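A short write-up of the structure that comes next.
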Amino acid sequence: MSLLYRFSYGLLMLLVQLSLAATAVAGKADLQLANHYRPGIELEGYWVSEKLDGVRARWDGHGLYTRGGYRIHAPDWFTRGFPSQPLDGELWIGRGRFDDVSAAVRRLEPDMTEWRQIRFMIFDLPTSAAPFSERITQMQGLVDASPAYTLFMIDQQPAKHHDDLMHRLDKVIAKGGEGLMLHHGDSLYHDGRSQALLKVKTWQDAEARVVAHREGKGKYQGMLGALVVETPDGRRFRLGSGFSDAERAAPPPIGSRVTYKYYGLTRTGLPRFASFMRMRPDLPTRETAAVK
């Protein structure tokens, strides 16, 4: 491995560790997570909304936190007027702007220019005991009553049938969006994955933990060639595509979590045509041993 690659990686890990030392951790939140939509699922009772490509965040009544429990250092004016009730939502700038909002969220010192572009788009109320259809009304009431101009609610519309859903999906994709979300109106908020909350995309995505780096060859000599990642069930495979040159020069640290997209599974159960999408904005908690 070249000296340039070692230096870049060492510098990145030093910055990460310094960030961890200065970042308050509230503990991992119990968040509701989505499964994937499959044709044939009865859509009666579901609500449909756009899946925003932002950073998942929760408001606990006092501060903003990432999915992994790290405090988000938003400017005081950004959250001024937020309700005392916990909120689940997405910090979002616009379609195709994930990298921009992720960079803003990861800073210990907020950049005012960046934060003036961001909105907190809420899609649920974690502590409400009401079914989702009623939580929609509650969310709208909270947004309408709040003086915060940074607080919005993601639009929710009744789902109809599969063909209409695919038409909606095509329109969102054509505008540069990521996909749709389905949420059953009778469902209560609870942590973990459920058929009550579904992602609708032209491809699937999942998360994995980075366990090793593999140096590139040819034009990528001295840079990242591939990540070795591990799924929650212990399966390991390589992610070698989807990276920009900047990401190959300063790859996701070992121990961090990344999101990848894929198109079904192979006969052995591994993701087919998997490619890197992004690193989760949560800071990594530790460096793990590299895989040889």
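Quick notes on this one:
- Within the stretch 135-167, the residues that satisfy the criterion of being within 27 Å of residue 201 (Cα to Cα), in contact (Cβ under 8 Å) with a residue 12 or more places away in the chain and in a helix (DSSP H, G or I) are 135, 136, 139, 140, 162, 165.
- Members of the stretch 120-133 that are touching a Phe, Trp or Tyr at 6+ places or on another chain (Cβ under 9 Å) and surrounded by 20 or more Cβ atoms within 10 Å (Cβ to Cβ): 120, 121, 122, 124, 125, 132
- Of everything listed in (1) crowded, with 20+ Cβ neighbours inside 10 Å; (2) under 18 Å from the mean Cα position of the chain (by Cα); (3) among the aliphatic types (A, V, I, L, M), the single unmet condition for residue 136 is (2).
- Index of the failed condition, residue 212 passing every other in (1) under 23 Å from residue 92 (Cα atoms); (2) in contact (Cβ under 8 Å) with a residue 60 or more places away in the chain; (3) surrounded by fewer than 20 Cβ atoms within 10 Å (Cβ to Cβ); (4) hydrophobic (A, V, I, L, M, F, W, C): (1)
- Verdict on residue 68 being outside the structural domain of residue 256 (by TED's automatic domain parsing) and either part of a loop (DSSP other than H, G, I, E, B) or of a type in the set (Ser, Thr, Tyr) (or both): yes
- Any hit, the stretch 157-165, residues being within 14 Å of residue 50 (Cβ to Cβ), among the aliphatic types (A, V, I, L, M) and surrounded by 16 or more Cβ atoms within 10 Å (Cβ to Cβ): yes
The values are calculated or read from the model by the stated rules, or taken from the named source; none is laboratory data. Every value quoted in this text rests on a predicted model; they were computed, and no experiment measured them. Positions of Cβ are generated from backbone atoms using ideal geometry, with glycine treated the same way; all protein chains shown enter the neighbour counts.
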